[in-house]
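Heads up, the thing below is written out as structure tokens.
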Amino acid sequence: MQNLDPIDKERFKKIGVGTLLDLALLLPHSYENTTLTPTPLLDQINTVAVKVLSLKQSPKVFQIVFYAEMWKTNLDGVIFAAKPYHKAQFRVGSELFIHGKVSYNGGRLQMVQPKIITSINTLVPKYKTQLQNKTVISLIQRYLTLHALLHEGLSEKEAKTLLSLHFPSAKEASQIGSFGYSESILKVLKYVEIHNYLKKLSGKKVSFPSCAKLDGDEKPFIVSLPFTLTADQQKVIGEIKRDFLSENAAKRVIMGDVGCGKTMVILASVMMAYPRKAVLMAPTTVLANQLFEEAVKYLPKHVKTVLITQEADSKEKVEDFDFIIGTHALLYRELPKCALVMVDEQHRFGTKQRSLLSALVSKQAWHPHYLQFSATPIPRTLSMIQSSLVDFSFIKMLPFPKDITTKVIAKKDFKALVEHIKNEITQHHQCIIVYPLVEESEMVNYQSIDEGRGFWEKNFEKVYVTYGKDKNKEEILKTFKEEGNLLISTTVVEVGISLPRLSTIVIVGAERLGLASLHQLRGRVSRNGLKGYCYLYTNLAQSERLAKFSQTLDGFEIAELDLAYRQGGDVVEGSIQSGKKLVWFEMAHDEEILKEAKRRLEEAKSLPEV
């Protein structure tokens, strides 16, 4: 919305309107219909022409007797808590139009709190905003025109539908008031909302000329690996290669299910960047260590790698290394110019931390290529929306097909569960039991770690215990990996750590977690093709959500399921500007509408300017 009057600009800011379509989607919550009512409608709002016959004032009530010529009868007006101006408004002998609810009282017609209106046979939309209703109406009348809406890329039908909600006929208003919006109106609202949102996002996409084209050769590295990369890994490496050779700095999110082999894509990216430097930030020391070990194991010896965490803060000069791996400890080091910045499990870092890392290695006009990796697949609809901001790659194939049996269990199954765990441990396999809380709570009707650990420690050997606020958790996880049989934990084990011997995970109070979290936890088992088991312990008599979760291992399907069971809004929260939720557009059901909006916006981009 260009060339706005400064006062209007301030008004729009007050009601959260940033675009013309924001204004168009600010819909009336009801309509005041001032069409004259030919015969009295009881218990409904009536508009009628009257003459004031008499007035009577008492301390609590101001009573008026009107004569309604149209109805050929008297009408009692009652005003509670009357103000001095009411007496001036309702003078004996004056002829007025009044508006209000009519009822019978003591055999006479009565209108409580009659309101004088100056224009009749009109429909006045009512808006819920911080501005006065008449101010909003005047803004809408001035800015919301057919021409303006067509200029925003809407079709004539869509533009006219929106206008009819702000300026409806009496028939349209009564239909909207009684039954909500029709199917065809709803479809228009969904379309306009997502169209508006995509336009806002595309305005946020900023491309920078890259600091350098990265043309390192990754092929010798791939050939040297003791296994063959999956077709998906190779496809994604190809997409990254194209980014690295383009004029603009890459901005790509690589999504892959738990255990899909993202590490090899990370290492191939380092080789494409070489001899220029690359940096990778991981959310935990355990994960950073793991990535460092893999890098040292698989990268050629001439590619020098260093690890920087609070525990392993190298005293060597960082600039002497080609690949720098670390936790957020990287943010406190002087880093050299890096041509490639990577963030693993990117959702675990705040936006601030991610941009801090970019800033650390982006000196002046130096814009590195930027890759984010995530093992939490987001729903396809959401990735289609956010592709206006970044490019997406998906790794769906797994190097080791997972063989995990998922079962929903209850109290009656506990004995069989203990037997299963004993049996797995005899085979030198490991098990994890995830509790919802560390300490007892009256709010949660499941045992906590404190209440449950005694049983396991008494009946099993080599039992380790850790949780989120445990200062030694990384050390405990490390020792458990080498020596343990059983780990008692909270969801701290959700992300990252590789436990090749882990065959079983038990999640207590499983219905309390989102499906994405359950999937992350389940992804800890069967990392290398080992037969895996995931037990979802619940006190619920039945849970359709858990039953459906146990039928699929596909993280992308689970992201869609999670979306269907949650409200779309809270999935998008944080990605929608100013914290607003999408009101009409539904993530789980409106993918076709989204596709149409993207197609039309792309077509509009390719049209020559008029």
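No lab work stands behind these numbers, since they all come straight from the coordinates. Just so we're clear, the structure is a prediction, and the values are computed from it rather than from any experiment. Counting neighbours? That spans all protein chains shown, and the Cβs are built from the backbone with ideal geometry, glycine included.
Annotation note: GluC sites (Glu not before Pro) in the stretch 1-81 located in DSSP loop regions with a Cβ neighbour count of at most 14 within 10 Å are Glu69.
Exposure proxy for Val78, Val188: other Cβ atoms within 10 Å of each Cβ, ordered fewest to most, give Val78, Val188. Note on the stretch 404-552: with charges restricted to the Cβ of Lys and Arg (+1) and Asp and Glu (-1), its dipole about the Cα centre is near 520 debye. On the principal axes of its alpha carbon atoms, the stretch 404-552 extends 38, 37, 28 Å, with the longest extent given first. With respect to the chain, whose longest principal axis is taken over its alpha-carbon atoms, helix 262-273 is tilted by about 80°.
List the relative contact order of the chain as a percent without decimals, with contacts defined as Cα pairs under 8 Å and 6+ residues apart. After rounding, I find 12 percent. For the stretch 41-117, averaging the sequence separation of C-alpha pairs within contact (under 8 Å, six or more residues apart) and dividing by the residue count gives a relative contact order of 36 percent. Compared with the dominant principal axis of the Cα atoms in the chain, helix 231-244 is inclined by about 70°. Here the stretch 1-100 is treated as a sphere whose radius is the Kirkwood value from Cα pairs; by Stokes-Einstein at 20 °C and 1.002 mPa s it diffuses with a coefficient of 126 µm²/s. Electrostatic tally near Tyr104: other residues with Cβ closer than 15 Å to its Cβ, Lys and Arg +1, Asp and Glu -1, net 0. With respect to the chain, whose longest principal axis is taken over its alpha-carbon atoms, helix 156-166 is tilted by about 60°. Bridge orientation summary for the chain: considering DSSP beta bridges with both residues in this region, about 40 percent are antiparallel. For the peptides 95-101, 401-407, 326-332, the ranking by packing is 326-332, 95-101, 401-407, with the highest mean count of neighbouring Cβ atoms within 10 Å listed first.
Computed on the Cα trace of the stretch 41-117, the radius of gyration divided by the Kirkwood hydrodynamic radius gives Rg/Rh = 0.92. In this Cβ point-charge picture (+1 for Lys and Arg, -1 for Asp and Glu), the chain has a dipole of about 1620 debye about its Cα centre. Sorting the segments 21-28, 278-285, 219-226 by their residues' average number of neighbouring beta-carbon atoms within 10 angstrom, most packed first, yields 278-285, 21-28, 219-226. Per the Debye formula on identical point scatterers at the alpha carbon atoms of the chain, with no solvent, log10 I(q)/I(0) at q = 0.09 Å⁻¹ is -0.87. Of Tyr274, Cys211, Val508, which is farthest on the positive side of the dipole of the chain, counting Cα position, with +1 on Lys and Arg Cβ, -1 on Asp and Glu Cβ, and the Cα centre as origin? Comparing the listed Cα positions along the dipole, Cys211 ranks first. Going by neighbour counts of Cβ atoms within 10 Å, the residues Ile421, Ile593 line up, fewest first, as Ile593, Ile421. The listed peptides 317-323, 141-147, 339-345, ordered by packing as a protection proxy, come out as 339-345, 317-323, 141-147 (highest mean of other Cβ atoms within 10 Å first).
Put in line by how crowded their Cβ is, counting other Cβ atoms within 10 Å and starting with the fewest, Trp366, Trp456 read Trp366, Trp456.
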